[in-house]
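Just so it is clear, none of the values below were taken in a lab; they were calculated from the coordinates. Every value quoted in this text rests on a predicted model; they were computed, and no experiment measured them. Cβ sites come from the backbone with ideal geometry, for glycine too, and all protein chains shown count toward neighbours.
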Amino acid sequence: MNMMKAVVKPGPQPGLELTQRPIPEVGPGEVLVKVRAASICGTDLHIYNWDAWAQSRIRPPVIVGHEVCGDVVARGAMVTEPQIGDFVSLESHVICNICQYCRTGRGHICENTRLIGVDRDGGFAEYITIAAQNAWKQPADLPVEIAALQENFGNAVHTAFAADVTAKKVLVTGCGPVGVMAIMVAKAAGARVIYASDVSDYRLNMARAAGADLALNPRRDDVVAMVRQATDGEGVDVLLEMSGAVTAIDQGFTLLKPGGEAALLGVSPGPFTFDWNHHIIFKGARVYGITGRRLWETWYQSRGLVRSGAVNLAPLITHRFKLEEYDKAFETMASGQSGKVVLFP
Ligand code: NAD
Ligand code: ZN
C-alpha cells in the first residue's frame, strides 16, 4: 500500500501528530488531488486545542485541513471535469445535492454537509480525495498560497456581497484574515468609507493596508463614539461582523443606522445577551447569518475579484512552513501576530 504524510488529530486530546497514512482510493464521482499548499484556519486552531466545539464535532482519528489546493492526479468513474493535470482549489463543504436546500440552490446550508478536515479526512497531507464538483479549476499560474486561500476568501466574499456596500459606510468588526479580506472586497465593490475594529494592533495594521479608512482598537479607543463622530452622528449603513466577540457585536449594532444591513460571519462563544429591540426591531435592520460560500456563485465572484486584480491577497500570507513543521505553524497562528499561515506537503 502506498503511504503518504498526514497531520492528524489522533485521539480526543489537544495537539496533532504527523503520521503515515495510506494514499486514499478515489471513489466514483471523486478526484484524487496531490496537495500543493494548505492554509491554517481558526477552526483548525480549535481542533488543535481540542476545545468544547472540537470535542462535540470531531471524531478522531481524522486528517485536518480544509483550505487546500493541488493537482488532479486521478479520477474515479463518471467524472467529466476536472481533467487530470488540472490545478484546483477545493470547496471544503461536500454536499449531498439532493436535500431540499441543495435542490433549491442553497447548497451552503445543505443538511448533509461533510466538511473536509472536520467530518472526514482533510488536506494537511500529501493527497486528498474529494467529490469532483468540489475541485474548482484555477489558472496554472495562480500562486499556490492564493489558490489554497480561496475557500477562506469565499467567506469574506459571501459576507461582503450579502449586503449592498457600494457607496455605503461600512464597519468591519474583527480584522482576522477574513475581516481583512472583507475590507478588500468592500473596497473593490466601491464602499464609500470603511471603519474597522480589532483588539490586535498587528491586525489593525493589516486592515489599514487593506483599505480601512479608520482602524480602531476597542481596548484603547471608544469605537462607538469615534465612528459616530466620523459619520456626523449617523453611524454606518452596513455592518460586517467578523469577530464573534460579544462586545464587538454590540458595538456594531449600536452603530448600525436605521434600515441598515448586517452580515454576520463571526462565530460567538455561545448564547449571549443582545438588545433585540434597539439593535434590530425598531431599527428595521436587515440581518444575514452567513455560513460557508454560496455554491457556486461565491466561487465565480471570488474568481472575478482575484483575476481582475480588484483584490490583492498576497500581503495576507505572512508565514510559510513545511508540513513537518506543523507545530511551529500552529504556534505562529495562535500568536495573533500573523495573517495566513500556509503549509506545504
Ligand atoms: P480570527 O479569529 O483570526 O479573527 C477574529 C478577529 O476578531 C481577531 O483578529 C480578533 O483579534 C478579533 N477580535 C476579538 N475580539 C474583538 C473585539 N472585541 N472587537 C473587535 N475585534 C475583536 O478568525 P477569522 O479566520 O478571521 O474568522 C473570523 C470569524 O469568522 C471567526 O469567528 C470564525 O470562527 C468565523 N468563521 C465563520 C465561518 C462561517 O462559515 N460562518 C467561516 C470561517 C470563519
Ligand atoms: Zn444537501
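Relative to one another, the C-alpha centroids of segment 106-148 and segment 283-324 are positioned 14 Å apart. Taking a straight Cα-Cα cut-off under 23 Å and skipping sequence neighbours fewer than 8 places away in the same chain, the lysines within cross-link reach of residue 137 are 34, 340. Straight-line reach from residue 187: taking Cα to Cα under 17 Å and skipping same-chain neighbours fewer than 8 places apart, the lysines in range are 168, 169.
Taking the C-alpha atoms only, the angle from helix 177-188 to the longest principal axis of the chain is near 60 degrees.
Ordering of 70-79, 12-21, 142-151 by packing is 142-151, 70-79, 12-21, highest average first (other Cβ atoms within 10 Å, averaged per residue). Rounded is the label for segment 1-158. Its Cα gyration tensor axes, ordered a ≥ b ≥ c, give a/c under 1.5.
Each of the peptides 308-314, 27-33 was scored by the mean count of other Cβ atoms within 10 Å over its residues; in descending order, highest first, they stand as 27-33, 308-314. Highest mobility in the GNM of the chain, judged by mean-square fluctuation with C-alpha springs under 10 Å and restricted to 153, 321, 124, is found for 321.
Counting only alpha carbon atoms, the long axis of helix 246-255 and the longest principal axis of the chain meet at about 50°. Mean separation of Cα pairs under 8 Å and 6 or more residues apart, divided by the residue count, gives the chain a relative contact order of 17 percent. You can think of it this way: the chain between residue 234 and residue 268 has 9.6 nm of extra reach, that is 0.36 nm per residue less the Cα-Cα gap.
The order of the peptides 218-225, 237-244, 296-303 by mean Cβ neighbours within 10 Å, most packed first, is 237-244, 296-303, 218-225. Can you give me the C-alpha center-to-center distance between segment 186-209 and segment 233-252, rounded to a whole angstrom? Comparing the Cα centres of segment 186-209 and segment 233-252, I get a distance of 13 Å.
A simple charge model with +1 on the Cβ of Lys and Arg, -1 on the Cβ of Asp and Glu and nothing else charged puts the dipole of the chain at about 360 debye relative to its Cα centre.
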